[in-house]
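The values are calculated or read from the model by the stated rules, or taken from the named source; none is laboratory data. All values reported here derive from a predicted model rather than from experimental measurement. Using ideal geometry, Cβ is built from the backbone for each residue, glycine included, and neighbour counts are taken over all protein chains shown. The protein model used for the area step is the full one, side chains on, heavy atoms only, and it has no ligands, DNA or RNA in it. Shrake-Rupley method; radii C 1.70, N 1.55, O 1.52, S 1.80 Å.
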Amino acid sequence: MPTIISFRSVSRGAGASTLATTFAKETAKLKAKVLFIEANLVSPSLATNTGFTHPTKNFLNLVNQGSNSYKITNYIVTKEDMDKKTSNQLWGMDLLSVPKSQGKYDQVKLEDPSSWIEKFMSTLKELAYDYVVIDIPTELDEFTSYPIITGSDQVISVVEGKPKSLMEFRNEKMWLLENNLSFEETLVINKHEKDYQGDIAEFINEMPYLPIPYDPFRVREEWLLKIGSDLIDLKIQSLQASLGVQGVGYVEKPKSPIRNLLSFVR
């Protein structure tokens, strides 16, 4: 039975999708069998960020099969469906993602979304993976949000280190608690600024969190269609260790003098 780990954020642009794909990649590096699911039909990004897309094996086509009998593995992309370069970049993890040029709710044809997502989550538990990593949309709903959140073994909430994002997280957290929607949660503050860590702690009522500083080298990796970056990979390995993902071991690469200086400044 796989461990299901979901990534979400309260606002777009916080970096939840980037961290989710990086987490899946870093976990696959450990030789674990990993399935990455892009359940974000509102703002999918994997095809754009990696250049990989599949016209038939994808999450949207799976959804549109409805609650009738289907075999989920028929829609999962494996390394046999990828070119060698893409497979190496993904470190052998499998994909169930949204195809490029698609990914709008108006393309979903479901009569009973609640039944479908219930069946989907129960089916995931039967798959032969060590970890299933899911990227879910920012918008909370009863289709690809609440059922996935409550059906996950761990939820990673990604918040940008800005007052507006932190306030949205705090307000949403209170609303979820008031409506008895509780789940195992780890908070990540992305683009974290050390100078404001006291203010951040006050905003989130001293809730423990993992800080990930802004990485100016991430843009370069995006242009190269790569997942994560040296700094993000390192921080994700810390997250893996805190969640008990087995076999985590980071061997630090030699840094350039410029990168060392930037690390010192941070």
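Structure above, values below:
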{"item": "Selection status of S115, of a type in the set (G, A, S) and under 25 Å from A24 (Cα atoms)", "result": "no"}
{"item": "Matching residues, the range 28-42, being open to solvent by less than 30 Å² (accessible area, probe 1.4 Å) and under 21 Å from W91 (Cα atoms)", "result": "A28, A32, V34, L35, F36, I37, E38, A39"}
{"item": "Leading residue by the ranking (surrounded by the fewest Cβ atoms within 10 Å (Cβ to Cβ)) among those in the range 169-221 that are of a type in the set (S, T, N, Q) and closer than 19 Å to S17 by Cβ", "result": "T186"}
{"item": "Out of N40, N49, sole residue that is over 12 Å from the mean Cα position of the chain (by Cα) and either closer than 22 Å to E118 by Cα or not in a loop (DSSP other than H, G, I, E, B) (or both)", "result": "N49"}
{"item": "Search result, residues across the range 211-266 that are charged (D, E, K, R), modelled with pLDDT of 90 or more and in contact with a strand residue (DSSP E or B) (Cβ under 6 Å, 6 or more places away or on another chain)", "result": "K235"}
{"item": "Among residues of the range 101-114, those that are open to solvent by 50 Å² or more (accessible area, probe 1.4 Å) and either part of a loop (DSSP other than H, G, I, E, B) or modelled with pLDDT of 85 or more (or both), counted", "result": "6"}
{"item": "From the options L181, L176, residue that is of a type in the set (A, V, I, L, M) and part of a helix (DSSP H, G or I)", "result": "L176"}
{"item": "Positions within the range 124-139 being open to solvent by 30 Å² or more (accessible area, probe 1.4 Å) and within 20 Å of G66 (Cβ to Cβ), in sequence order", "result": "E126"}
{"item": "Selection from the range 145-168 of residues that are open to solvent by 10 Å² or more (accessible area, probe 1.4 Å) and β-branched (V, I, T)", "result": "T150"}
{"item": "Count of residues meeting criterion [in contact (Cβ under 8 Å) with a residue 40 or more places away in the chain, surrounded by fewer than 17 Cβ atoms within 10 Å (Cβ to Cβ) and in contact with a Phe, Trp or Tyr (Cβ under 9 Å, 6 or more places away or on another chain)] in the range 43-71", "result": "2"}
{"item": "Checking K25 against (1) of a type outside the set (A, V, I, L, M, F, W, C); (2) out of contact with any Phe, Trp or Tyr (no Cβ under 6 Å at 6 or more places or on another chain); (3) surrounded by 21 or more Cβ atoms within 10 Å (Cβ to Cβ); (4) farther than 23 Å from T150 by Cα, the condition it does not meet", "result": "(2)"}
